[in-house]
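The values are calculated or read from the model by the stated rules, or taken from the named source; none is laboratory data. Remember, predicted model here, so these are calculated numbers, not experimental data. When we count neighbours, we look across all protein chains shown, and the Cβ atoms used for this are built from the backbone with ideal geometry, even at glycine.
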């Protein structure tokens, strides 16, 4: 299943769950409120019936015998007649204060006036008129009458069912003479109430269905929009997998996906740079190897042709070219080991000033022969945690780099100083120099400058690359900048150790 489908189903599922919980809670709240409403109406009804029962009780000599004899149906008939008489309209009046006689036909026949129109009665009266048994049992709430001692009199007693009841005391002349109890049901209270409850439930379901449909449509468009940048990223990764490293994104974002896009763009540039460096690496290696081999091949051909005799001068030339080849092979081997972390390091507490002084002393004669002046300035006891052999290799490489690329007469200033928590070592030589934009490229393998600082002597252009690997293995930093002396300034920063 695609992520778009999963995201769509997740959003719809969350909305459905929220709607379901909301619908259930709303339904529960409605039922509780509706039940309270039914109980309030039922209490009002029982209060009105209790008033009529109190009247009947007094008319029967303050007892319930007549009510028992009358039965529920007889009581309902009397109660209905009383309701009609209360709702009967006033008689017509002729002159002021005089009663108008009823119509002759009705007066002669002795008929009772017709009951008032149903619309003139209140809702509970209309309910009683449609179903008189609603007053004391029947299709309405089951209602029963009990005397002051709690003994059953008439009605439908549902006490044994355990259902919750509504009770109203019957009071006559300030004395409790009985009790009315009913067992209402919110769902079956009346047909109107039942229909209203069903209508509310249907309306809630329709609203929930509409909300779910809208949520589904919105979720579909939202999932499409959210996954659009992800599809762009997938296409970019597929492009990189096919060996095409020209990946760019037109839309710039500020969220996590935007950061991922920027990382992929940087990765594509890095891969393209590495591919170019790899091609240049092979071309440079073949060139470095071809040069001494070509010289050897030419000199051997001259010897074979008898043009030149084999003597000590020719032997020295062979030895020089072979030394160049050996130096190149050794540098390539050292570089490969440093790149894969194969160089062995034995870290110990060392005085960096002492190690650097030894390296400078070993190159003083070579510098003098070339016409270069080396000045060395260092504070005492500059302690670092480092490998002695690798530090000597680092400093010799940097000194030889300056000797190889500095014109005579020239200068090389070496300074060691402590700054906060690190030690800074600088190698600063005189002309020729390097442009600031080309300084970082000096640490690339076999890098060549097209102008004045081209390779001179037997170096293969790997010294600075190996030096960078050694510094990084010590947790330090190395960089190059143009020098105020007109040449190049190489800075090495190593973490300092506290004095013992």
**OP:** Would you mind stating whether residue 249 is within 25 Å of residue 7 (Cα to Cα), in contact with a helix residue (DSSP H, G or I) (Cβ under 6 Å, 6 or more places away or on another chain) and free of Cβ contacts under 8 Å to residues at least 40 places away in the same chain?
**Re:** yes
**OP:** Kindly list the number of the only condition in (1) surrounded by 13 or more Cβ atoms within 10 Å (Cβ to Cβ); (2) free of Cβ contacts under 8 Å to residues at least 24 places away in the same chain; (3) out of contact with any strand residue (DSSP E or B) (no Cβ under 8 Å at 6 or more places or on another chain) that fails for residue 368.
**Re:** (1)
Subject >> In region 6-49, the residues that are within 21 Å of residue 181 (Cα to Cα), at pLDDT 80 or above and touching a helix residue (DSSP H, G or I) at 6+ places or on another chain (Cβ under 7 Å) >> reply: 45, 49
Original post:
In this structure, is residue 379 touching a helix residue (DSSP H, G or I) at 6+ places or on another chain (Cβ under 8 Å), assigned by TED's automatic domain parsing to the domain that holds residue 432 and loosely packed, with under 13 Cβ neighbours inside 10 Å?
Top reply: yes
**OP:** Kindly indicate which of 286, 317, 279 is in contact with a helix residue (DSSP H, G or I) (Cβ under 7 Å, 6 or more places away or on another chain), under 25 Å from residue 329 (Cα atoms) and either assigned to a helix (DSSP H, G or I) or in the same structural domain as residue 331 (by TED's automatic domain parsing) (or both).
**Re:** 317
**OP:** Assess whether residue 344 counts as being part of a helix (DSSP H, G or I) and at pLDDT below 90.
**Re:** no
**OP:** Could you grab me the full set of residues in region 210-230 that are in contact with a helix residue (DSSP H, G or I) (Cβ under 9 Å, 6 or more places away or on another chain) and either closer than 15 Å to residue 7 by Cβ or assigned by TED's automatic domain parsing to the domain that holds residue 276 (or both)?
**Re:** 215, 216, 218, 219, 220, 222, 223, 224, 226, 227, 229, 230
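Between 300, 322, 285, 307, which is closer than 28 Å to residue 469 by Cβ and at pLDDT 80 or above?
The match here is 322.
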**OP:** Determine whether region 231-245 contains at least one residue that is in a helix (DSSP H, G or I) and closer than 30 Å to residue 327 by Cβ.
**Re:** no
Original post:
Mind checking which residues of region 249-269 are surrounded by 12 or more Cβ atoms within 10 Å (Cβ to Cβ) and part of a helix (DSSP H, G or I)?
Top reply: 257, 258, 260, 261, 262, 264, 265, 267, 268, 269
Subject >> Single unsatisfied condition, residue 330 versus (1) surrounded by fewer than 20 Cβ atoms within 10 Å (Cβ to Cβ); (2) outside the structural domain of residue 282 (by TED's automatic domain parsing) >> reply: (2)
